[in-house]
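The values are calculated or read from the model by the stated rules, or taken from the named source; none is laboratory data. Quick caveat: nothing in here was measured; it's all calculated off a predicted structure. FYI the Cβ positions are ideal-geometry reconstructions off the backbone, even for glycines, and counts take in every protein chain you see.
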Amino acid sequence: MGVVRTKISPGDIIATAAILLAAVFLLAAGSISGTDAGYVEILIGSRRTERFDLYEDREIVIESNGITLTIKIEKGGVSVSHSDCPDQVCVYTGRIEKGGESIICAPAGVAITITGGGGGDVDHIAG
Amino acid sequence: MSTISRADSPASRAARGAALVSAALLLSYLESFIPLGIFLPLPGFRLGLANILVMFVFFCISATEAAIISAVRVIVMALLFGNPLSFFFSALGAAFSLAGMFVLKYAANNKLSFWGISVISASLHNIGQLAAAAILFGRAIISYLPALLIASAAFGSICGILLNILAPKILPAIRGGER
């Protein structure tokens, strides 16, 4: 049966460093490949998806799991301007505008993602 | 660090288990009030205080008891404060975390203190929750992974170092003053 020490050992430092390195590596890898931005895709409760043009300003109110969210599409970016949810993470995430970025409201079960699309003259950039 | 003898009676183990589950629930409940969202807008992210307890039980009492306590905590929290969605996230996270502890128990014999175990189990817990979210919300959410790992390393370190300090002090109390 393995026994655990309570004194800090080199293994701890290695483990922590490994996780941090993995994070940095993923960050670097993620920023190299990105998708283009054209649409705002809102996934509600993993069953319904609504799609809006990213470049058409509008305000959308949706309700999911008893929580009401106010989503603002403005000047090529999306943000959640108001939410009833208890942790407000979706509001604090702020404004997103790049393809692949997303705002999630876990209590409401809502995911707002910026996806590609747009006109036929846009080439798909391989990541 | 010695382990607790398993020669206790079923009754005393039941009582101890109940007390530990209550403590775990209390930790989960209290930490849900801390609005981490302001500093770190990561959906479903928590300090992971209950993990301190689960790790302690896992390595100093019994792995099975730790697994049961973790499962009961997830279920009761979901019943009282959550919904089927949060239960799914929580359950997958806890499962990943426990699996990691099982592996560490046999693989990292004496090479890690609670700090390393905490960082790894916290990271696995959050990866599990992210995986659950990815299943439901799609692959876009994986973009949260780097920030999540950094936060797991940070808070996991705090919890682990805390347990390093606390464990030798708690152990005699749970033994009931023997020895």
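Inspect region A:61-84 for any residue being more than 9 Å from chain B (Cβ to nearest Cβ), in contact with a Gly (Cβ under 7 Å, 6 or more places away or on another chain) and either surrounded by 15 or more Cβ atoms within 10 Å (Cβ to Cβ) or closer than 25 Å to B:PRO146 by Cβ (or both) and give the result as yes or no.
Within region A:61-84 (the criterion being more than 9 Å from chain B (Cβ to nearest Cβ), in contact with a Gly (Cβ under 7 Å, 6 or more places away or on another chain) and either surrounded by 15 or more Cβ atoms within 10 Å (Cβ to Cβ) or closer than 25 Å to B:PRO146 by Cβ (or both)), the answer is yes, since at least one residue qualifies.
Please work out which residue is nearest to the other protein chains (Cβ to nearest Cβ), limiting yourself to region B:123-156 and to residues that are of a type in the set (Val, Ile, Thr) and touching a Phe, Trp or Tyr at 6+ places or on another chain (Cβ under 9 Å). Don't jump to the end; show me each part of the working.
So in region B:123-156, the residues of a type in the set (Val, Ile, Thr) come out as B:127, B:135, B:141-142, B:150.
After this cut, where a residue has to be touching a Phe, Trp or Tyr at 6+ places or on another chain (Cβ under 9 Å) as well, the list is B:127, B:135.
Working: B:ILE127: 10, B:ILE135: 9 Å.
That would be B:ILE135.
Select from region B:66-122 the residues that are of a type in the set (D, E, K, R) and assigned to a helix (DSSP H, G or I) and write down the one among them that is modelled with the highest pLDDT. First the steps, then the outcome.
Quick first cut of region B:66-122, residues of a type in the set (D, E, K, R) only: B:73, B:105, B:111.
From what is left, the residues that are assigned to a helix (DSSP H, G or I) are B:73, B:105.
Values: B:ARG73: 96, B:LYS105: 89.
So the residue we want is B:ARG73.
How many of the residues in region A:67-96 are touching a residue at least 12 places away in the same chain (Cβ under 8 Å) and assigned to a loop (DSSP other than H, G, I, E, B)?
Result for region A:67-96: 8.
When you check B:ASN83 against the structure, is it of a type in the set (S, T, N, Q), facing another protein chain (nearest Cβ under 9 Å) and over 25 Å from B:PRO168 (Cα atoms), yes or no?
Numbers: of a type in the set (S, T, N, Q): yes; facing another protein chain (nearest Cβ under 9 Å): yes; over 25 Å from B:PRO168 (Cα atoms): yes.
So B:ASN83 fits the description; yes.
Scanning region B:105-119 for residues that are closer than 15 Å to B:ALA66 by Cβ and buried (at least 24 other Cβ atoms within 10 Å of the Cβ), which turns out nearest to the chain's Cα centre (by Cα)?
Looking at residues that are closer than 15 Å to B:ALA66 by Cβ and buried (at least 24 other Cβ atoms within 10 Å of the Cβ), I get B:SER118.
Got at least one residue in region B:165-172 being more than 8 Å from every other protein chain (Cβ to nearest Cβ), over 19 Å from B:VAL54 (Cβ atoms) and not hydroxyl-bearing (Ser, Thr, Tyr)?
Yes, the conditions are met somewhere in region B:165-172.
Scanning region A:1-55 for residues that are polar (S, T, N, Q) and within 24 Å of A:LYS98 (Cα to Cα), which turns out modelled with the highest pLDDT? First the steps, then the outcome.
Going residue by residue through region A:1-55, those that are polar (S, T, N, Q) are A:6, A:9, A:16, A:31, A:33, A:35, A:46, A:49.
Filter again for within 24 Å of A:LYS98 (Cα to Cα), leaving A:31, A:33, A:35, A:46, A:49.
Details: A:SER31: 69, A:SER33: 61, A:THR35: 67, A:SER46: 65, A:THR49: 83.
Per the criteria, the residue is A:THR49.
Suppose we filter region B:20-53 for residues that are β-branched (Val, Ile, Thr) and in contact (Cβ under 8 Å) with a residue 60 or more places away in the chain; how many remain?
Keep residues of region B:20-53 that are β-branched (Val, Ile, Thr), which gives B:21, B:34, B:38, B:52.
Of the ones still in play, those that are also in contact (Cβ under 8 Å) with a residue 60 or more places away in the chain are B:52.
Matching residues across region B:20-53 total 1.
Could you please find all residues in region A:53-62 being touching an Asp or Glu at 6+ places or on another chain (Cβ under 9 Å) and either part of a loop (DSSP other than H, G, I, E, B) or charged (D, E, K, R) (or both)? Let's see the steps before the verdict.
Step one: filter region A:53-62 for residues touching an Asp or Glu at 6+ places or on another chain (Cβ under 9 Å), giving A:54, A:57-60, A:62.
Across region A:53-62, the qualifying residues are A:LEU54, A:ASP57, A:ARG58, A:GLU59.
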